[in-house]
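Here is the structure we will look at, set down as structure tokens.
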Amino acid sequence: MSSAVPLPLDHGHLQKLVTADLVRPDHLLGAHPTTEGGVEGVRFAVWAPHAHHVSVVGDFNGWNGFDNAMQRLDFGYWGVFVPSARRGQRYKYRITSAQGQTEDKMDPYGTFFEVRPATGSIIWTEPFDWTDQEWMQARTSGLDEPVSIYECHAPSWMRTDDGWFLNYRDLAHRLGEYLVFMGYTHVELLGVMEHPFDGSWGYQVTGYYAPTSRMGSPEDFKYLINHLHGLGIGVILDWVPGHFPTDPAGLARFDGTPLYEYADPRKGFHHDWNTFIFDYGRNEVVMFLIGSALKWLQDYHLDGLRVDAVASMLYLDFSRTEWVPNIHGGRENLEAIAFLKRLNEVVHHMAPGCMIVAEESSAFPGVTTPAPFGLGFDYKWAMGWMNDTLAYFEKDPIYRRHVHHNLTFYNMYRLGEHYVLALSHDEVVHLKKSLVAKQPGDWYAQRAGYRAFLTMMWSTPGKKLLFMGQDFAQPTEWNHDQALPWHLADYPDHRGVMTLVRDLNALYRSRRDWYAGDRQDTSLLWLSADDADHSVYAYARRDEASGAWSLIVANLTPVYREGYRVGVPQGGTYRMLLSTDDGQYGGFGTQQPDLRAHEPGWHNQTHHLCLNLPPNSALVLEAVPEEGAAPAQPGGTA
């Protein structure tokens with residue numbers, strides 16, 4: 001709800017909802033403090049077309065269902081003005097179905113709720129003095145800019161001494177300081193939209209228009225966003241338009257019938273998650289979801305949304321044995337596809353500069369192709385890269401030669417979409433181990449392999465995303481009920497990995513060859529992609545516009561390789577930008593006695609370097625410009 005005057009509940013505006021022409025339905029529906037006939041009160045409006053009777057109950061009428069009966073309006077909407085209602089009071093809709101069953105329901109458009117396990121909606125307005133105008137005018141989706149995302153589950157990032165959640169305002173300062181220190185460009189928040197069950201991590205949403213009250217008020221949440229913008233940090237929010245929980249107080253069978261969900265359980269129920277699936281064939285449902293997206297992007301100044309579980313929306317047979325084909329006999333959910341295209345078109349028009357990211361795990365074509373020819377997302381999570389890369393690094397080094405091209409396969413398809421290389425929360429739960437614990441060997445070998453892994457990720461085309469705790473090598477899986485084990489960051493083994501991630505972010509943000517032109521075929525050139533017997537990779541990152549380039553060499557076995565030849569395109573001196581074996585990162589500090597390139601050529605280049613490759617390591621180098629010499633550009637396999 002907004003402090004602005006709500007739209008009138010007349011035939012024309014209600015018809016716009018029915019015909020999918022009102023992209024901010026929350027300006028019409030929900031609870032709106034307003035004045036009618038010179039009397040202050042709250043106007044309530046709700047969609048319940050199959051209900052026999054609807055009333056609003058709350059603190060203002062002693063939760064009496066007879067005092068404030070709602071009037072049936074056109075197209076299945078109900079409305080009432082309650083003079084005695086005020087900001088801060090709790091309320092629900094008491095809905096009696098056509099079959100005579102009565103249920104108290106949360107407001108689908110509520111902007112503030114009681115702290116769980118209570119489920120009451122709260123009448124609220126959201127006044128806030130924003131100071132981020134300059135940021136809002138300048139923000140972009142970052143296609144040719146560095147984007148390094150810190151994925152954060154706010155309720156478990158840090159807790160108070162008594163184990164309760166931080167307030168959004170406390171979180172703003174502590175999280176903001178950490179993000180700036182580490183050099184991230186964005187933070188992605190999960191678990192922020194109101195949800196009843198902590199164990200869902202915020203992915204089973206009941207309040208699509210409300211930040212969770214666990215951590216404070218809507219104004220507190222706005223303070224968090226505003227403060228992070230002042231530090232130069234973009235904020236992305238996880239958003240779940242694919243399914244919703246079966247909790248009886250929420251959207252489930254809202255008016256006694258399947259309303260927000262598909263009626264046929266073969267389309268409308270997720271057995272994996274025990275949730276209902278939105279009915280994308282209803283204009284009212286589509287507007288509810290698009291209005292939610294715009295609420296976060298416009299009213300809360302969010303810089304983007306990461307859309308959860310897109311593959312489950314696209315396919316009617318997703319994780320099913322029984323399913324209903326579309327009108328053409330196919331497996332695609334044509335209504336969901338139309339919804340996603342509409343969503344992205346509306347958002348990019350109404351909230352310019354925002355990024356919309358798809359967590360999409362299939363090979364559906366054109367995810368990041370502009371609508372109407374594609375789905376219209378800005379980015380897609382590189383799930384294939386993640387699976388192949390983790391499968392490689394989890395394998396005992398003696399067997400890595402047999403899956404050598406797991407690390408090169410991404411280059412075969414990376415030009416097809418705009419990708420985010422994501423190592424998310426999903427990879428460090430349910431007995432999958434933490435990222436460092438996935439590495440084989442003893443504790444030293446695990447950290448060494450993990451440092452090489454991170455360096456290859458940061459130097460590979462695509463935006464970056466790393467889940468909290470993994471940037472200081474958290475050895476255990478993530479536990480949503482506890483704060484991160486921050487005390488570990490004081491120990492050298494963990495501090496070394498944190499220092500590496502900080503330096504990788506600094507390199508990434510300062511080098512155009514590492515972030516510009518991710519979809520250019522020459523932005524990554526393989527100098528040596530086939531040395532499976534030694535598990536060594538050599539590749540160059542290159543920016544055509546500036547001519548900048550750098551060399552990355554990775555030795556992914558626990559074997560020290562002395563004098564390993566790597567081809568380079570020019571003679572002269574090279575400087576070491578980063579070695580994951582450096583002592584400050586927790587390595588041995590292997591020395592490189594000669595960083596001058598010599599003839600003859602190697603790897604189809606004109607010169608070569610002889611490098612000492614530490615076990616389980618990655619090196620990053622660049623040529624030192626020599627006065628009067630024309631800079632050479634690397635060749636190789638794109």
Mind checking which aspartates and glutamates have their Cα closer than 14 Å to the Cα of LYS105? Skip sequence neighbours fewer than 8 apart in that chain.
-> GLU114, ASP247, ASP255
Can you list the chymotrypsin sites (Phe, Trp or Tyr not before Pro) in the range 71-167 that are in a DSSP coil and have 11 or fewer other beta carbons within 10 angstrom?
-> TRP164
By a straight-distance test (C-alpha under 21 Å), which lysines pair with LYS380 as possible cross-link partners, with residues fewer than eight away in the same chain excluded?
-> LYS341, LYS463, LYS464
With N denoting the number of residues in the chain, provide Rg(C-alpha) divided by 2.2 N^0.38 Å, to two decimal places.
-> 1.06
Cα extents of the range 182-249 along the three principal axes, largest first (Å) = 41, 22, 18
Could you calculate the FRET efficiency of ASP162 with SER200 from 1/(1 + (r/R0)^6), where r is the beta carbon distance between them and R0 is 22 Å, rounded to 0.05?
-> 0.40
Only helical DSSP H runs with n ≥ 4 go in: add -39500 (n - 2.57) per run for the chain, normalise by residue count and round the 222 nm mean residue ellipticity to 500 deg cm²/dmol.
-> -6500 deg cm²/dmol
Inverse of <1/r> over all distinct C-alpha pairs of the range 256-404, i.e. the Kirkwood Rh in Å, gives 17.1 Å
Rounded to the nearest Å, what's the spacing between the alpha carbon centres of the range 548-613 and the range 412-443? Just the number, please.
-> 26 Å
Pull up the cross-link candidates among the lysines for LYS395, meaning alpha carbon to alpha carbon under 21 Å and not fewer than 8 places away within one chain.
-> LYS432, LYS433, LYS438
Take the range 78-181, compute every pairwise Cα distance, and split them into 5 Å bins from 0; I just need the percent in each bin.
-> 2, 8, 11, 14, 15, 14, 11, 10, 7, 5, 2, 0
At 37 °C and 0.692 mPa s, what whole-number value in µm²/s does Stokes-Einstein give for the translational diffusion of the range 529-621, with Rh from the Kirkwood sum over Cα pairs?
-> 242 µm²/s
Under a point spin-label approximation (7 Å from Cα along Cα-to-Cβ), what is the GLN15-SER362 distance to one decimal in nm?
-> 3.8 nm
In the range 110-213, the GluC sites (Glu not before Pro) that fall in loop regions by DSSP, at most 14 other Cβ within 10 Å | GLU114
Long-range amide H contacts for ALA210: which residues qualify at under 5 Å (H placed 1.01 Å from N, peptide plane, sequence gap of 5 or more or a different chain)?
-> GLU194
Stretched fully, the stretch from THR34 through LYS432 gains (0.36 nm per residue minus C-alpha distance, one decimal, in nm) 138.1 nm
Taking 0.36 nm per intervening residue step and subtracting the Cα-Cα distance, what contour gain separates THR257 from ASN387 on full extension?
-> 42.7 nm
Per 10 Å bin from zero, what fraction in whole % of the C-alpha pairs of the range 37-119 is there, up to the bin with the longest pair?
-> 18, 52, 28, 3
Using R₀ = 41 Å, calculate the FRET efficiency as 1/(1 + (r/R₀)^6) where r is the Cβ-Cβ separation of ASP442 and ARG266; round to 0.05.
-> 0.25
Expressed as a whole-number percentage, the relative contact order of the range 230-309 with C-alpha contacts under 8 angstrom and at least six residues apart is 41 percent
Between GLN591 and ALA138, take the C-beta separation as r, use R0 = 41 Å, and let me know the FRET efficiency to the nearest 0.05.
-> 0.40
Could you calculate the contour length gain from LEU415 to VAL324, that is, 0.36 nm times the residue separation minus the distance between their Cα atoms, to one decimal place in nm?
-> 29.4 nm
Between THR131 and GLN633, the two model label points (7 Å from Cα along the beta-carbon direction) sit apart by a distance in nm of 4.6 nm
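Read-outs: derived from the displayed coordinates by stated rules, not from any lab. It should be emphasised that the depicted structure is a prediction, and the values quoted were computed from it without experimental measurement. All Cβ positions, even for glycine, are placed from backbone atoms using ideal geometry, and neighbour counts span all protein chains on display.
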